[in-house]
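The values are calculated or read from the model by the stated rules, or taken from the named source; none is laboratory data. These figures come from a predicted structure and were not determined experimentally. Don't worry about glycine lacking a Cβ; one is built from the backbone with ideal geometry, like all the others, and counts go over all protein chains shown. To get the accessible areas, we keep the full protein, side chains included, count just its heavy atoms, and leave off ligands, DNA and RNA. Shrake-Rupley method; radii C 1.70, N 1.55, O 1.52, S 1.80 Å.
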Amino acid sequence: MDHAHEHGHHAHEQHAHHHPHHGGKVTWAEAARATLHCLTGCAIGEVLGMVIGTALGWGNVPTMALAIVLAFFFGYAFTLRGVLKAGVDFRSAVRVALAADTLSITVMELIDNGVIALWPGAMDAHLSAPLFWIVLAIALAAAFVITVPVNKWMIGRGKGHAVVHQYHQ
């Protein structure tokens with residue numbers, strides 16, 4: 001077991017001691033806040049990826065791939081920023097962000113992109129078309145609603161965003 005892992009485990013034990021609700025009862029509000037935090041990064045990445053892909057004249061597949069990569073990047077970056085601000089070294093902060101957000105962002109991206117891919121005409125709608133923005137809003141709302149219970153379940157087991165809470169002031 002390396003030092004960073006020992007420290008993370010020790011910090012997690014301390015965190016669980018100070019916040020007993022993360023060993024069991026988690027409120028829907030806590031889960032919603034964690035999901036909203038994740039959704040913000042994902043939405044920024046999604047829109048930026050679609051804008052860049054469209055501006056470069058890319059097709060649907062490479063544009064969606066870029067949007068997904070940027071959604072993960074910004075999702076992780078939001079968490080990373082908060083953890084680094086708490087004084088954690090970069091490597092440990094990256095581990096915390098990966099542990100906290102990977103499942104949440106993955107579920108969110110599957111739902112979000114699934115809705116867009118399956119909605120008739122959405123993949124071919126341009127950024128200037130109201131259909132694009134309406135479907136994106138519906139897709140992000142669906143991703144939020146489906147990801148909240150995932151985050152609630154994970155936080156209740158000391159996983160996901162529970163690992164980030166120890167670094168919040």
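The table for this structure:
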{"item": "Derived scalar couplings ³J(HN,Hα) [segment 37-46; Karplus, 6.51 cos²θ - 1.76 cosθ + 1.60; whole Hz; x for Gly, Pro]", "result": "4, 5, 4, 4, x, 4, 5, 4, x, 4"}
{"item": "Segment 37-169 - Debye-derived log10 I(q)/I(0), Cα point model, q = 0.09, 0.15 Å⁻¹", "result": "-0.28, -0.70"}
{"item": "Accessible carbon and sulfur surface of segment 19-111 relative to its total accessible area, %, 1.4 Å", "result": "75 percent"}
{"item": "Phi to ³J(HN,Hα) by Karplus 6.51 cos²θ - 1.76 cosθ + 1.60 over segment 145-153, Hz, x for Gly, Pro", "result": "4, 7, 7, 3, x, 4, 5, 4, 4"}
{"item": "Accessible area in square angstrom per residue, segment 26-113, 1.4 angstrom probe", "result": "47 Å²"}
{"item": "Neighbour net charge for ALA97 - beta-carbon separation under 14 angstrom, K R +1, D E -1", "result": "+3"}
{"item": "Heavy atoms of ASP89: accessible area, 1.4 Å probe, square angstrom to 10", "result": "90 Å²"}
